[in-house]
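Structure, as structure tokens:
The values are calculated or read from the model by the stated rules, or taken from the named source; none is laboratory data. Because the structure is predicted, anything quoted here is derived from the model rather than measured. When we count neighbours, we look across all protein chains shown, and the Cβ atoms used for this are built from the backbone with ideal geometry, even at glycine.
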Amino acid sequence: MSFDPRQHDAYPDALIHGILKSVKSIALVGFSNNEARPSYFVTKYLIERGYTVYPINPALAGQVFFGATVYASLSEISDPIDMVDIFRNSEAAGPITDETLALDPLPKILWMQLGVRNDEAAAKAEAKGLTVIMNRCPKIEYGRFSGEIGWSGVNTGLLTSKKPMLGTKSWQKRGI
């Protein structure tokens, strides 16, 4: 099957929802310890939603954030990884994809964050059997499917009768 970059212009909701439901472990490449950076709060959010997250940042290797140890590279993680989330620029996505494809076992998903698109890297990953998502954020997608975004006044385009769930933490934490 040949790579068609047009398939990465839009993704079916069922694909994104299925990924978020099936993935348990995520390596987040480009983690930042700066609270104002999206990679910081996406890591925190995904951990709070029950995912095992492996933050990757060579400058922060060995430090612990949200109970997760930061690794210098993907190859240092000894556990199998379901998804690699690239929080770096589009050019950096190429070498990160190569590092991802060297993992054994291979992850099922290669996800590139908002603003990150590398068709060559996507073609390589898909040729090895990975599902590739580009220019999307798993935090935003999770919030959209769980209704968290909708309850805060954002029109997600999804109709639901689910009400916010009261709990011991925040009413906004909902599952998908």
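Please verify whether A14 is at pLDDT below 95 and not charged (D, E, K, R), treating the condition exactly as stated. Yes. Are any of the residues in the stretch 118-136 within 25 Å of P38 (Cα to Cα), at pLDDT below 95 and hydrophobic (A, V, I, L, M, F, W, C)? No: zero hits.
State whether one or more residues within the stretch 63-71 are assigned to a loop (DSSP other than H, G, I, E, B) and aromatic (F, W, Y). Taking every residue of the stretch 63-71 in turn, at least one turns out to be assigned to a loop (DSSP other than H, G, I, E, B) and aromatic (F, W, Y). Pairs are defined by a Cβ separation below 8 Å, a sequence spacing of at least 6 or placement on different chains, a first member in the stretch 43-58 that is in contact (Cβ under 8 Å) with a residue 12 or more places away in the chain and assigned to a helix (DSSP H, G or I), and a second member that is hydrophobic (A, V, I, L, M, F, W, C) and buried (at least 20 other Cβ atoms within 10 Å of the Cβ); the pairs so defined are T43/L28; T43/F31; T43/V53; L46/I26; L46/L28; L46/V53; I47/V53.
Checking G115 against (1) buried (at least 21 other Cβ atoms within 10 Å of the Cβ); (2) in a loop (DSSP other than H, G, I, E, B), which single condition isn't satisfied? Checking G115 against (1) buried (at least 21 other Cβ atoms within 10 Å of the Cβ); (2) in a loop (DSSP other than H, G, I, E, B), the one that fails is (1). Would you check if S78 is assigned to a loop (DSSP other than H, G, I, E, B), in contact with a Lys or Arg (Cβ under 8 Å, 6 or more places away or on another chain), free of Cβ contacts under 8 Å to residues at least 40 places away in the same chain and of a type in the set (S, T, N, Q)? Taking the combined requirement at face value, the residue does not satisfy it.
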